[in-house]
Structure formats: structure tokens, C-alpha cells
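Q: I have a structure I would like to understand better, so I am pasting it below and will then ask my questions one at a time.
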Amino acid sequence: WDVRLTIGTRSPIAFEGSYIGSAQNITALGLDNDAILVGNGMQGALRVNATLDFPIQPFAYGGAAWRRYDLTNADTNLSDVAGQDDVLEVPLGIGIAGRFSGVMLDARGEYRLSSDEDLLPSANRLGDSADMNRWGVKATAGIEF
């Protein structure tokens, strides 16, 4: 989930500031079956708009984010999964927005590069941490004012 404020939707370059959050099940040998990995953070991005004062607006964006992961509902954790981790992310994506009578609709796809992750050990590199890069597709609705 996220809450986003975009400034400059009718300009060639816009700024997006976001609260970002996530929650997902996590399974590992020695970890409580009810464990949930919760992420919360902040993101800033520059958005390049392909059209300006037009109802349909393709765009591309990139920025930086900080996300804090916390392992919750884990009464038992004898696994290699850390209880918390702070991660730097670089979101890169493309999308298309539509503007209709003050309502904004937005669909986007993104890839998030991550660094400084220490949550999980790597399965391929002894002594290293697993990469937490990820991708996603989402659609949002908002109000233009």
C-alpha cells in the first residue's frame, strides 16, 4: 500500500512523495508459521510526464526510498531471518495516468533495486545477504486539486 502526493502533474517534471507499506507471509525453517514481514517507509521520486495538459499522461519515474522491515507474529524465530532490517531502495518505473473531472487514475509498473539488506542470508553466496530487489504492478485512484 502507499499514500502518494504528486506535485506538477501538468508540468514536464513532477515530484512524488510517498509513504510506502507492505505486509506478507514469510516461511523459513525454525520460524513461527504465523510470521508476517511488515515494511514501512518513505519514498521520493522525480516523474517525467510525456504530455502536459492532456487527459491521458504517460510517464516514467525514478527516485530513492528507505524501508524498514520488521518480523511480526513470530513468537519463535530460530531461523536465519533477522527480526528487522533497514533497506535503501531505488524505484524505477513507467506508467500512464488519466484525468477525468478532478479524478486521477494511475497504472504503473516498477522495479525496485535494493541495497544494505541484511534480512535473509544468500542461498548462493556464503556469508552474503540475499538480494531484496522486487517488481510490482499497481493501479491507484486519487483527487486532483
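Q: Give the residues of segment 1-10 that are surrounded by 13 or more Cβ atoms within 10 Å (Cβ to Cβ) and not charged (D, E, K, R), sorted by residue number.
A: The first filter runs over segment 1-10 and keeps only residues surrounded by 13 or more Cβ atoms within 10 Å (Cβ to Cβ), leaving 2, 4, 6, 8-10.
The answer is 6, 8, 9.
Q: From the residues in segment 22-68 that are out of contact with any strand residue (DSSP E or B) (no Cβ under 8 Å at 6 or more places or on another chain) and of a type in the set (A, V, I, L, M), which one is farthest from residue 106 (Cα to Cα)?
A: Selected residue: 29.
Q: Report whether or not residue 65 is exposed (fewer than 14 other Cβ atoms within 10 Å of the Cβ) and not aromatic (Phe, Trp, Tyr). Talk me through it step by step, then tell me what you get.
A: Numbers: exposed (fewer than 14 other Cβ atoms within 10 Å of the Cβ): no; not aromatic (Phe, Trp, Tyr): yes.
Taking the combined requirement at face value, the residue does not satisfy it.
Q: Let me ask another. Which residues, counting only those in segment 85-113, are under 16 Å from residue 41 (Cβ atoms) and surrounded by fewer than 17 Cβ atoms within 10 Å (Cβ to Cβ)? It would help to see each step written out before you state the result.
A: Residues of segment 85-113 that are under 16 Å from residue 41 (Cβ atoms), as a first pass: 85-91, 110, 112-113.
Of everything in segment 85-113, those that are under 16 Å from residue 41 (Cβ atoms) and surrounded by fewer than 17 Cβ atoms within 10 Å (Cβ to Cβ) turn out to be 86, 88, 90, 113.
Q: With respect to the numbered conditions (1) modelled with pLDDT of 90 or more; (2) loosely packed, with under 11 Cβ neighbours inside 10 Å; (3) out of contact with any Gly (no Cβ under 7 Å at 6 or more places or on another chain), which one is the sole condition not fulfilled by residue 137?
A: Against the list (1) modelled with pLDDT of 90 or more; (2) loosely packed, with under 11 Cβ neighbours inside 10 Å; (3) out of contact with any Gly (no Cβ under 7 Å at 6 or more places or on another chain), residue 137 comes up short only on (3).
Q: Go through 56, 96 for me and flag whichever is within 19 Å of residue 142 (Cα to Cα) and either of a type in the set (Asp, Glu) or in contact with a Gly (Cβ under 8 Å, 6 or more places away or on another chain) (or both). Step through it out loud before you land on a result.
A: Numbers: 96 fails: either of a type in the set (Asp, Glu) or in contact with a Gly (Cβ under 8 Å, 6 or more places away or on another chain) (or both).
Going through 56, 96 in turn, just one is within 19 Å of residue 142 (Cα to Cα) and either of a type in the set (Asp, Glu) or in contact with a Gly (Cβ under 8 Å, 6 or more places away or on another chain) (or both): 56.
Q: Out of all the residues in segment 28-46, which are open to solvent by 50 Å² or more (accessible area, probe 1.4 Å) and either more than 21 Å from the chain's Cα centre (by Cα) or among the aromatic types (Phe, Trp, Tyr) (or both)?
A: 29, 33, 34
Q: Taking the conditions exactly as written (open to solvent by 50 Å² or more (accessible area, probe 1.4 Å), within 22 Å of residue 130 (Cα to Cα) and modelled with pLDDT under 90), does residue 78 satisfy them or not? Even if it seems obvious, please write down each step before you answer.
A: Values: open to solvent by 50 Å² or more (accessible area, probe 1.4 Å): yes; within 22 Å of residue 130 (Cα to Cα): yes; modelled with pLDDT under 90: yes.
Criteria met by residue 78.
Q: Then there is this: Do you know which residues across segment 114-132 are modelled with pLDDT under 90 and either loosely packed, with under 11 Cβ neighbours inside 10 Å or in contact with a Lys or Arg (Cβ under 9 Å, 6 or more places away or on another chain) (or both)?
A: Residues satisfying the conditions are 123, 124, 125, 126, 127, 132.
The values are calculated or read from the model by the stated rules, or taken from the named source; none is laboratory data. Not measured: the values here are computed from a predicted model. Note that each Cβ is placed from the backbone with ideal geometry, even for glycine, and that neighbours are counted across all protein chains shown. Surface accessibility is based on the protein's heavy atoms, side chains included, excluding ligands, DNA and RNA. Shrake-Rupley method; radii C 1.70, N 1.55, O 1.52, S 1.80 Å.
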